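The values are calculated or read from the model by the stated rules, or taken from the named source; none is laboratory data. What you see is a predicted model; the values in this text were computed from it and never measured. Neighbour counts run over all protein chains shown; Cβ positions are idealised from the backbone, glycine included. When the accessible area is computed, the model is the full protein with side chains, heavy atoms only, and any ligands, DNA or RNA have been set aside. Shrake-Rupley method; radii C 1.70, N 1.55, O 1.52, S 1.80 Å.
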Amino acid sequence: MKTICFFNSVENWGGGEKWHFDTSLYMHKKGHQVLVIAHEKSELLNRLKGTGVPTIGLKVGNLSFLNQAKIDKIKNILIEHQVGCIIINLSRDLKLAGLAAKKAGTEKIIYRRGSAIPIKDSVLNRYYFKNVVTHILANSEATKNTVLSNNPTLFPKENITVIYNGIDIDGFLSKEVKPQYRSINKNEVVLVNLGRLEAQKNQQFLILLASELKKRQVPFKLLIGGEGRLKEALQQQAKELNVSENVLFLGFIEEPKNFIVSGDIFLLSSLWEGFGYVIAEAALCKKPVVAFDTSSNPEIVLQEKTGYLTKVNDVESFANKVEKLITNPDLREQMGKAGFEYAQKAFNANTILKKIENYLTAKKPKTNNITALLITYNEIEHIDAVLENIDFADEIIVVDSFSTDGTVERIKAHSGVKFIQREFKNYTDQKAYAMEQASNDWILFLDADERLTPELRKEVIETVNTNDEEISAYYFYRTFMFKKEELRYSGWQSDKNYRLFKKSKVNFTKDRIVHETLVVQGKSDVLKHRLIHYSYKNYEDYKSKMVKYGQMKAIEELPKNYSPNAYHFIVRPSYKFINHYILRLGILDGKKGVIICYLNALGVYSRYKELKRLKKQR
């Protein structure tokens, strides 16, 4: 096992240093060989003391990359510790440690990009990104997009990966809450903003906002937390606009949670953010967010679901959204809850760190390309997770049936995804159309509520690159998830479906419109690892699925020459229940087994009920 090296020359503590600390410690605890090279007087090195993570302190500065002896010293360290992968945060470190890693023959030289500022198309950058860097790790889709915005050929797009910053959600939520400010006016709504008082954070816009809200006679107090070079100028601006009593500057904030919970609405005026960590924290405090529709904000704030996004520096539009939230406490609560649920799902540090581990330890890249396909309709619960799950595919295509729940907006937030909207006729028709759009022969076709485990993902990549030419398609066994628990029996233990196949060797039968059938030219095989199937969210949701599938099956049965009778309404559903509950051991699943077996039987009953209705209409 080769060593994974984290290189960071910053003396002070910031977001990049926290990422290196958390990630190196996690990788060390997971048993990987890790080395952290940092500034000898850095806070990062200080905090790693006593953790067991191997460290080396160096005296480095902005111009160290001009020192050949320093480059050679780092090169020798990398060779001595058998470093196979190095992660670098800063451009100045890339010039130093990146060059040293190149000389040392390090296989993976990863530049971690955390700022959504376009990379300059300079001669020096062209050299480093074409000759030194092998991979780029971005903290948001917005950051990824800025890498190539000035030069589309600067770096191979397929080697840029997005993994969001993670939040220790359990730790954050368990912290004792001590609001930093309490309003003495019950009618006053408290607005909060937290960030360095610098040009990027754009708090001068908030002073203009305060002036506009005051003109509208809206009762509010604006709390601005943070220190910076613009503090005096901002205070003077507030004084000139006569909003000093409405705007409070609370200085450096030791504990963000206590500050955020003091407010009712969180405002972000930043002109850009690599990853808006603070608005994710605001969501965890169940606060709606109003921010600009720029950089990574749309990836964290779901428009009109968890908050509002407006044009940059549009005071009137921003004020309209804030006023709407101020005058509607029920809407504030609704958006706050939605943001809380989304942040828990999308930014959980445990999940994020596992993704980083898989990324850093990934083997040689595959050579055969894969197209991942999805068909969707109102999949807001699943769409982000499934798109992240299949982000290793060379091409991702989503065919959506005009979703209305925010699914479309989330799909568009994932760059590189080919998005098509098309009217839904039936499953076979929609899947056949989606497959026609694929550019690659190997197809990975998932449902939105399915997930590849890391082991299955690895097996898929290995399979398409070591494939027996006689095998054209692969079944995946599925693990049925009843909410968050595995359903072990109830007829689902042997559930399997084609999910990986060659486009040139298959087609969908046109006589099936639900639970479509794949016709395979050639042999089939089964992959070893199971696909996770999050099918059961709650009783009503699963019931509606079974009824819908039953009604669509009725359309398939319509051409057949028979009319439903007591046998179809009593015997067939009863047999379905008995078969799954008794013969397929649903009884061992307890209450879960009763529910699933009953609803599966209900699906059979619904088929014949709908078929009877259709027969009468003919």
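The table for this structure:
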{"read-out": "Nearby lysines by direct alpha-carbon distance to LYS73 (threshold 16 angstrom, same-chain neighbours under 8 apart not counted)", "value": "LYS59, LYS95, LYS102, LYS103"}
{"read-out": "Charged-residue dipole, Cβ positions (Lys, Arg, Asp, Glu), the stretch 467-612 about Cα centre, Debye nearest 20", "value": "280"}
{"read-out": "Carbon plus sulfur fraction of accessible area for the stretch 524-588, probe 1.4 Å, in percent", "value": "59"}
{"read-out": "Using alpha-carbon coordinates, inclination of helix 427-436 to the longest axis of the chain, degrees", "value": "50"}
{"read-out": "At most 13 other Cβ within 10 Å, DSSP loop - chymotrypsin sites (Phe, Trp or Tyr not before Pro), the stretch 188-295", "value": "PHE252"}
{"read-out": "Within straight-line cross-link reach of LYS615, aspartates and glutamates at Cα separation under 14 Å, skipping those fewer than 8 residues along the same chain", "value": "GLU556, GLU557"}
{"read-out": "Cα-centred dipole magnitude for the chain, charges only on beta-carbon of K, R (+1) and D, E (-1), debye, nearest 20", "value": "1140"}
{"read-out": "Positive-pole candidate from ALA100, ALA69, SER9, dipole of the stretch 1-117, charges at beta carbon", "value": "ALA100"}
{"read-out": "Accessible solvent surface per residue of the chain, calculated while the other protein chains remain in place, 1.4 angstrom probe, Å²", "value": "47"}
{"read-out": "Sparse-neighbour loop sites [GluC sites (Glu not before Pro); the stretch 217-269; at most 10 other C-beta within 10 Å; DSSP]", "value": "GLU245, GLU254"}
{"read-out": "Qualifying chymotrypsin sites (Phe, Trp or Tyr not before Pro) for the stretch 402-447 [loop in DSSP, other Cβ within 10 Å: at most 13]", "value": "PHE402"}
{"read-out": "Proximal aspartates and glutamates relative to LYS30, as straight alpha-carbon distance under 18 Å, when same-chain residues fewer than 8 apart are discounted", "value": "ASP22, ASP168, GLU357, GLU455"}
{"read-out": "Length-normalised contact order of the chain in % [C-alpha pairs under 8 Å, at least 6 apart]", "value": "8"}
{"read-out": "Check: the stretch 417-458 dipole with +1 on Lys, Arg Cβ and -1 on Asp, Glu Cβ, in debye", "value": "120"}
{"read-out": "Relative contact order %, the stretch 248-388, counting alpha carbon pairs below 8 Å whose residues are six or more apart", "value": "20"}
{"read-out": "For the chain, alpha-carbon Rg over 2.2 N^0.38 Å", "value": "1.10"}
{"read-out": "Between helix 231-240 and the chain: long-axis angle, C-alpha atoms, 0 to 90°, nearest 10", "value": "90"}
{"read-out": "Long-range tail of P(r) for the stretch 474-574 (Cα pairs > 15 Å, %)", "value": "74"}
{"read-out": "Cα gyration tensor shape for the stretch 13-121, rounded if a/c is under 1.5, else prolate or oblate", "value": "rounded"}
{"read-out": "Surface share of carbon and sulfur [accessible, 1.4 angstrom probe, percent] for the stretch 52-199", "value": "50"}
